[in-house]
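Read through the structure below, which is laid out as C-alpha cells, and then see the notes.
The values are calculated or read from the model by the stated rules, or taken from the named source; none is laboratory data. All values reported here derive from a predicted model rather than from experimental measurement. No Cβ is skipped: glycine too gets one built from the backbone with ideal geometry, and neighbour counts run over all protein chains shown.
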Amino acid sequence: MIKQNILEMKGITKTFPGVRALDHVSFELRKGELHALCGENGAGKSTLMKILGGIYTPDEGEIRINGKTVQIRNPEDSMDNKISIIYQEFNLVPQLSIAENLFLGKELRKGLHLNKKQMVKAAQEVMAKLGLADIDCSRSVSDISVATQQLVEIGKAIFNDVDILVMDEPTAVLTEKETKALFELIRQLLAKGISIIYISHRLEEVTQLSSRVTILRDGKYIETLDNGDKRLKKDDIVRLMVGRDLEDFFPERKDTVQSGYVLEIKGLCKEKQFTDISFGLSGGEILGFAGLVGSGRTEIMKAIFGSAKPDGGEILIDSKPVRISSPSDAIREGLALVPEDRKKEGLVLGMPLGDNICLANMPLISRLGCIVKNKKREIVDRFIDDLQVRPALPGRLAKNFSGGNQQKAVIAKWLAVNPKVVILDEPTRGIDVGAKSEIYSIIEGLAQKGVGIIFISSELLELLGVCDRVIVIHQGRIAGEFRKDEFSEEKIMLAASGM
C-alpha cells in the first residue's frame, strides 16, 4: 500500500543573476519515508531545500503540504508547517551553551530567569539519543568539536515538533560510531511517521537508508528511482547524476606534461586533518583532487600554500626542498592558490576589480613605495583582455560583477605573479555553464605554457573532462589515484566513499 504524500513541490523554478538554479523541478515526499535527493554540486539540491525552508522564494511553482497549497515566504512559515532543516552550514550561536542552542526561541523560565537546570536536563536526553549520553550540555558550543556541533544541529532539529525533516550532508564530519547512532535515530523517527529528505554524496548511505531516490542535474529533475527493497545500485545513481557527454563542455586536452616534477609533496600530515600525503606534479600537468565534503582536500592545499602549518612532511619545488611558512613564502617559490571561497578569501569586494587583480603583485607595480600607474594599468588591461572579463571596467567594484567574472579576477590576480604551480580549489563552483567553459579554456592554456595545475572539484564531470590524473582523498588520506586511461565516474565515487 502506497502511503499518501505529505509534501509536493511542483514546477519549482528559481533564477539567480546569470544562473537558472532550478528549472521546473518537482519533488514529492510520502509520510514516514526517507526520500534521498542526489546530484552533483550545483545540481540544485540545496536551492530546492532552501525554498522549502523559506530562505529563498521560488519564481514559479507550488508547494503543497497534506494536499493543501501553502506559502513559505520565510523560515517562520517553514517552521509553522512543521518543517525542520539541517543545513550544511551550521546555524548555531557559538557563545551559547548546547542547551541554550536547543531551546533558542523557546526557552524555559523560572520566574524572570531562565530555568537553565531544566533546559540542560532536557538537552541531555536529546543528545543521548545521538550517542552522546555523557556530554555536558551546559558547555559552550564554541568549545566542542565540529562533529559534536553537527550532532547539536541534528538534536536541535529533532527537538522541535516536526513532520518533515531535511538532512543536508549530515554525516560529512561524523565518525563511524556517531554515524551509526544517527542512523538508528533516523529509523526511530521514520517509525514515528516523520518524513525525511536526505541529501548526501555518500551513496552507500543513500542506498542503505532510502525508499526512493530523486536525481537532479543542472537544476532539472531527471528521474526518481525506487529503492523499496534496498537493491538499488550506486552505479545507477552515479550514471544519472553525471549523464552528460564530456566533449560538449571541455576544450581539447593537448599533451603538455613535462618530465620531472615541478612540485613534490612527501609525507605531509596534520593531526585530525590529513595523514601521509605524498604526490608529484609535473609542469604542464593538470592533476585533479576528488573527495567528499570534509575529506581534507582544502586543508592539504592550504598547508602546501603556507596558510596553515602542517605537523610534518616535505615540499620540493623543481626537486629542491623549500620551507613555506606563509603565503608570502609560497608566492616567492612560484605557488599560487585560487581559494574555494572567492568572496571571503579571494577578493576584497568593496575594492575596484583592477585593484583586486594587483593585490598579489604590489612589488611589480610599485617603486619606492608608490604605485606606478602606467605599470598597473598595463597589467590590469592585459589580464582583463586575456581572461575576457566582462564588462571590461577595472574601476567597477568587484561585488558588482557576476560570479564568473569575479572568479576570473581571482585567477588573474595569481596569473600576474607568473607562477610555476597554480592550485585551483573549486574554481567553477556557483557560476554558469558559459563561464565554466571559459575557465576550463584558461586552465588548458596555462598547462600549455608549462604551468603545473592542481584542480580540486567535487564535480566528477569536471575532473574527467579537465584532468590528466586524479587523486582521491577520503578522510584525510589518499584513497586512490587514476590516470586518464583509467578514469570512470564509478571508480572515483567509490574511492571517495571509502569503498
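Could you tell me how many of the residues in segment 13-28 are assigned to a strand (DSSP E or B) and either crowded, with 24+ Cβ neighbours inside 10 Å or small (Gly, Ala, Ser) (or both)?
The number of residues fulfilling the criteria is 4.
Which of the helices (runs of 4 or more DSSP H) contained wholly in segment 342-432 include at least 2 residues that are basic (Lys, Arg), surrounded by fewer than 22 Cβ atoms within 10 Å (Cβ to Cβ) and in the same structural domain as residue 288 (by TED's automatic domain parsing)?
Output list reads 373-386.
Within the set of pairs 6+ apart or on separate chains, which have a first residue in segment 340-364 that is on the phi < 0 side of the Ramachandran plot, a second that is charged (D, E, K, R), and C-beta atoms under 6 Å apart?
340/425; 340/426; 349/399; 353/396; 357/413; 358/376; 359/413; 360/413
Could you check, for segment 311-329, whether at least one of its residues is over 19 Å from residue 468 (Cβ atoms), assigned by TED's automatic domain parsing to the domain that holds residue 378, within 25 Å of the chain's Cα centre (by Cα) and not in a loop (DSSP other than H, G, I, E, B)?
The answer is yes, given that some residue of segment 311-329 is over 19 Å from residue 468 (Cβ atoms), assigned by TED's automatic domain parsing to the domain that holds residue 378, within 25 Å of the chain's Cα centre (by Cα) and not in a loop (DSSP other than H, G, I, E, B).
Can you pull out every residue in segment 382-424 that is closer than 26 Å to residue 299 by Cβ and in contact with a strand residue (DSSP E or B) (Cβ under 7 Å, 6 or more places away or on another chain)?
If the condition is that a residue be closer than 26 Å to residue 299 by Cβ and in contact with a strand residue (DSSP E or B) (Cβ under 7 Å, 6 or more places away or on another chain), then 410, 411, 414, 417, 419, 420, 421, 422, 423, 424 are the ones that fit.
If residue 167 satisfies every condition in (1) out of contact with any helix residue (DSSP H, G or I) (no Cβ under 6 Å at 6 or more places or on another chain); (2) within 24 Å of residue 272 (Cα to Cα); (3) at pLDDT 85 or above but one, which is the exception?
Single failed check for residue 167: (2).
Can you tell me which of 187, 239 is among the basic types (Lys, Arg), surrounded by fewer than 18 Cβ atoms within 10 Å (Cβ to Cβ), out of contact with any Lys or Arg (no Cβ under 8 Å at 6 or more places or on another chain) and farther than 21 Å from residue 460 by Cα?
187
Is at least one residue of segment 38-55 surrounded by fewer than 16 Cβ atoms within 10 Å (Cβ to Cβ) and assigned to a strand (DSSP E or B)?
Checked against the condition, which is being surrounded by fewer than 16 Cβ atoms within 10 Å (Cβ to Cβ) and assigned to a strand (DSSP E or B), segment 38-55 yields no hits at all.
Could you list, in sequence order, the residues of segment 56-90 that are polar (S, T, N, Q) and assigned to a loop (DSSP other than H, G, I, E, B)? Let's see the steps before the verdict.
First, pick out the residues of segment 56-90 that are polar (S, T, N, Q): 57, 66, 69, 71, 74, 78, 81, 84, 88.
Scanning segment 56-90 gives 57, 66, 71, 74, 81, 88.
List every residue pair whose Cβ atoms sit under 8 Å apart, with the two residues 6 or more apart in sequence or on different chains, where the first one lies in segment 86-105 and is farther than 13 Å from residue 119 by Cα and the second, anywhere, is polar (S, T, N, Q) and surrounded by 16 or more Cβ atoms within 10 Å (Cβ to Cβ).
Listed by first residue and then by second, the contacts come to 87/46; 88/46; 90/149; 90/150; 92/101; 92/149; 93/101.
Pick out, from segment 161-278, the strands (runs of 3 or more DSSP E) lying fully within it that include 2 or more residues that are in the same structural domain as residue 421 (by TED's automatic domain parsing).
Those strands (runs of 3 or more DSSP E) span 261-270.
If you take the residues of segment 203-255 that are under 30 Å from residue 446 (Cα atoms) and among the basic types (Lys, Arg), which of them is modelled with the lowest pLDDT? If you could, list the steps in order and put the result at the bottom.
Going residue by residue through segment 203-255, those that are under 30 Å from residue 446 (Cα atoms) are 217-218, 241-255.
So of that shortlist, the ones also among the basic types (Lys, Arg) come out as 217, 244, 253-254.
On the way: 217: 87, 244: 53, 253: 82, 254: 81.
Ranking the candidates gives 244 first.
Does residue 298 satisfy being surrounded by 19 or more Cβ atoms within 10 Å (Cβ to Cβ) and polar (S, T, N, Q)?
Working: surrounded by 19 or more Cβ atoms within 10 Å (Cβ to Cβ): yes; polar (S, T, N, Q): yes.
For residue 298, the condition - surrounded by 19 or more Cβ atoms within 10 Å (Cβ to Cβ) and polar (S, T, N, Q) - is met.
Could you tell me whether any residue of segment 67-85 is among the β-branched types (Val, Ile, Thr) and surrounded by fewer than 22 Cβ atoms within 10 Å (Cβ to Cβ)?
yes
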